[in-house]
Amino acid sequence: MKKTLVVLLLLSSSAVLADGQRILESQCMECHMVDGQGGSKKAAPPMYAVWHHYHQAFHDKASFVAAVTDWLKEPKQSSSEMKGAVKRFGLMDKLEISEAEAISVAEHLYDRSFVLPDQYVTHYNNKHGKKEHGYDGTEKAAQHQGE
């Protein structure tokens, strides 16, 4: 994980972030829906759910990016922040992307903002409660601004 953080610091640039959006659109959207688009295989949760689960678990950018990067490089059930999604959809296939590309996707995802649909918030709270890991609405403004 330390190696990932060092590489992350070296690769943070607008070009890398643009690459993250391109990769998200070209590879991730085959299975994940993003802003109501993609997900033709219907084989993964919507990207706003991924974004939200990882923001709940990793509040600062460095730990969020490191966790998502590690997941993209080697998806494992034991390291997933979305155990229910893995149970429902199965383990994500390993992507053929470089570490730099994985970091750029993770940075792009961290910096995006998503509007969480009411039905998702209800579902999330039913599964996780409104306490430590639940969504109580207090972080909504910050998360929707990508902070």
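For the range 89-117, which residues satisfy the criterion of being surrounded by 16 or more Cβ atoms within 10 Å (Cβ to Cβ), acidic (Asp, Glu) and within 12 Å of the chain's Cα centre (by Cα)?
Within the range 89-117, Glu107 is the sole residue that qualifies.
Tell me yes or no: at least one residue of the range 72-83 is in contact with a helix residue (DSSP H, G or I) (Cβ under 9 Å, 6 or more places away or on another chain), more than 20 Å from Tyr124 (Cα to Cα), surrounded by fewer than 18 Cβ atoms within 10 Å (Cβ to Cβ) and in contact (Cβ under 8 Å) with a residue 40 or more places away in the chain.
No.
Listed here are the residues, each with its yes/no results for (1) at pLDDT 90 or above; (2) open to solvent by 60 Å² or more (accessible area, probe 1.4 Å); (3) assigned to a helix (DSSP H, G or I).
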residue: Val6; (1), (2), (3): no, yes, yes
residue: Val16; (1), (2), (3): no, no, yes
residue: Glu25; (1), (2), (3): no, yes, yes
residue: Ala43; (1), (2), (3): no, no, no
residue: Val65; (1), (2), (3): yes, no, yes
residue: Thr69; (1), (2), (3): yes, no, yes
residue: Ala85; (1), (2), (3): yes, no, yes
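The values are calculated or read from the model by the stated rules, or taken from the named source; none is laboratory data. Since the structure is predicted, the reported quantities are computational estimates derived from the model, not experimental observations. Because the Cβ atoms are built from the backbone with ideal geometry, glycine has one as well, and the counts that use them run over all protein chains shown. Areas reflect the complete protein model, heavy atoms only, side chains present, ligands, DNA and RNA absent. Shrake-Rupley method; radii C 1.70, N 1.55, O 1.52, S 1.80 Å.
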